[in-house]
Structure formats: C-alpha cells, structure tokens
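Notes follow the structure.
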Amino acid sequence: MKKLISSQSTTSLSDFTKFEQQVLKSVNQIPIGKVTTYVYLAQAINNSKASRAVGNALHKNPWAPKVPCHRVVRSDGLIGGYGGGVKKKLLLLQSEGIEVEKNRIKNFKQLLYKF
C-alpha cells in the first residue's frame, strides 16, 4: 500500500518511521463497525509490548478519519483518546453503528477485531 489517502495531502507515508508506517497500514484493516485495541494492534505488527507506542503513532495520523484510528480503543472497552478529541471519536464510532455508553463500547467482545 503506497498511498493511504487522496493526492490532496502533502504528507506521504515515507514521512513516518517504519514502525509508524506499520501501524497506519494495519489500522486500515479494521472493518467499519468493529474496533480493536492498542494491544491487538501492537501484536499485529509483531511488537506486543508496544501498545503505548501504537497510540503515539496513531496520534500522528494526518489522514484521520480515512485512516480509521478512531477504531482503536483501550483493552477495557473504554474509547480512549483521539487527536481530534474524544467527542469526535465518539461521534465517528456511533456513525459506524458502534454503541457507546459512558465512554465504553457496548458489546465490546462481539465488536472486537483481532488481526
């Protein structure tokens, strides 16, 4: 995958570290209506202890929400942070049919995407 979004962006994937590239490519695999965790995403790129680094890489995502970092949540089902603000993350998740109550994903285990 060479490009993650339209040609309107001046940012390219090559502007990121190899680790960040892996994170941004992997997050594109999460289907609409599903979520994954920072831990599962770290495991997907063969770096199981890097869940915090995954969050930092996602925070640098200039292509959100087209590159759907809003679909990555905490392991306890809480929605976690978002570069555009938690309220925006909540609205994006809800627009994809994901129910959230008190900042926690409802039916979390059923909606969990494992790579």
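The values are calculated or read from the model by the stated rules, or taken from the named source; none is laboratory data. In this text the structure is predicted, and so the values were computed from the model without any measurement. Neighbour counts run over all protein chains shown; Cβ positions are idealised from the backbone, glycine included.
Of all residue pairs spaced 6 or more apart or on separate chains, those with beta-carbon atoms under 8 Å, a first member in the range 86-104 that is on the phi < 0 side of the Ramachandran plot and a second member that is of a type in the set (Asp, Glu) are Arg104/Asp76.
Here is a check on your reading of the model: is Thr36 at pLDDT below 95, of a type outside the set (A, V, I, L, M) and not in a helix (DSSP H, G or I)? Taking the combined requirement at face value, the residue does not satisfy it. When the range 32-60 is examined, which residues are found to be exposed (fewer than 13 other Cβ atoms within 10 Å of the Cβ) and either among the small types (Gly, Ala, Ser) or within 10 Å of the chain's Cα centre (by Cα) (or both)? Answer for the range 32-60, where residues must be exposed (fewer than 13 other Cβ atoms within 10 Å of the Cβ) and either among the small types (Gly, Ala, Ser) or within 10 Å of the chain's Cα centre (by Cα) (or both): Gly33, Ser48, His59. Sub-6 Å Cβ pairs linking a first residue in the range 56-71 that is part of a loop (DSSP other than H, G, I, E, B) to a second residue that is of a type in the set (Ser, Thr, Tyr), at least 6 apart or interchain, are Pro62/Thr11, ordered by first then second residue.
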